[in-house]
Amino acid sequence: MEEVTGALVARGVAVFRYHFPYMEKLSREGTRRWGRPDPGPVLQATVRAAVARILNDAPERPVIAGGKSMGGRMTSLSFVETPLPGVRGIAFFGFPLHPAGKTGRTRGDHLGAVGVPMLFMQGDRDKLADSTLIAEVAGELGARATLHVVRGADHGFEVLKRSGRTTGDVIEELADTFVAWAKKVI
């Protein structure tokens, strides 16, 4: 996400990044291994606090919330539980529709209750979002959902060398896609 942030900033997009408490703990400990995520209410409270901070610090700016994988999912769950005032859209950088190897749609059941436009940017090799299933989910959401499939990318938006593309190419694609969509939303 650091590279995506840089590409967005280069395009004039103000970005506010934050970490969930369990990730802050891992960072302080200097470990790179994944820890157990915080409980849902803690994750959602973190999303709400981040959005409140943005709206407080820059009330004149339009806000699109979202994030990578679980961060985006927690944003949409937060929105459904208590709408996030001032948020005009949600961008998902790899929505985790199901666990790896266990295809299903239940992690997306709440998306029908999200009342703002949504952008799904998904790699076509994403093990956490079967291409057919994520297309079905986005299709059922109608005009509120835009699905952008990143050719050759996995859940982390990495591409195989044989694809002829680089991670940099994918980062540029993600940033261009976000900016084009955001202009329509705001």
Please indicate, with yes or no, whether at least one residue in the stretch 99-108 is within 23 Å of K183 (Cα to Cα) and either surrounded by 14 or more Cβ atoms within 10 Å (Cβ to Cβ) or touching a residue at least 12 places away in the same chain (Cβ under 8 Å) (or both). no
Hey, any hits in the stretch 94-116 for a residue that's under 13 Å from the mean Cα position of the chain (by Cα) and among the aromatic types (F, W, Y)? yes
What tally of residues in the stretch 95-145 results from selecting those that are hydroxyl-bearing (S, T, Y) and either touching a His at 6+ places or on another chain (Cβ under 9 Å) or under 21 Å from A175 (Cβ atoms) (or both)? 1
I'm trying to understand the selection: among the residues of the stretch 110-168, which are under 23 Å from P62 (Cβ atoms) and part of a loop (DSSP other than H, G, I, E, B)? V114, G115, V116, P117, L141
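Residues checked against (1) modelled with pLDDT of 95 or more; (2) part of a loop (DSSP other than H, G, I, E, B); (3) not aromatic (F, W, Y):
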{"residue": "Y22", "(1), (2), (3)": "no, no, no"}
{"residue": "G35", "(1), (2), (3)": "no, yes, yes"}
{"residue": "V42", "(1), (2), (3)": "no, no, yes"}
{"residue": "P59", "(1), (2), (3)": "no, yes, yes"}
{"residue": "A65", "(1), (2), (3)": "yes, no, yes"}
{"residue": "G72", "(1), (2), (3)": "yes, no, yes"}
{"residue": "P83", "(1), (2), (3)": "no, yes, yes"}
{"residue": "A91", "(1), (2), (3)": "yes, no, yes"}
Enumeration of residues in the stretch 159-186 that are farther than 13 Å from A91 by Cβ and in contact with a strand residue (DSSP E or B) (Cβ under 8 Å, 6 or more places away or on another chain): V159, R165, T166, T167, D169, V170, E173
Single residue of the stretch 42-63 satisfying the filter (under 15 Å from V15 (Cα atoms) and of a type in the set (D, E, K, R)) that is surrounded by the fewest Cβ atoms within 10 Å (Cβ to Cβ): E60
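The values are calculated or read from the model by the stated rules, or taken from the named source; none is laboratory data. In this text, all values refer to a predicted model and were calculated from it rather than measured experimentally. Every residue, glycine among them, receives a Cβ derived from its backbone with ideal geometry; neighbour counts consider all protein chains shown.
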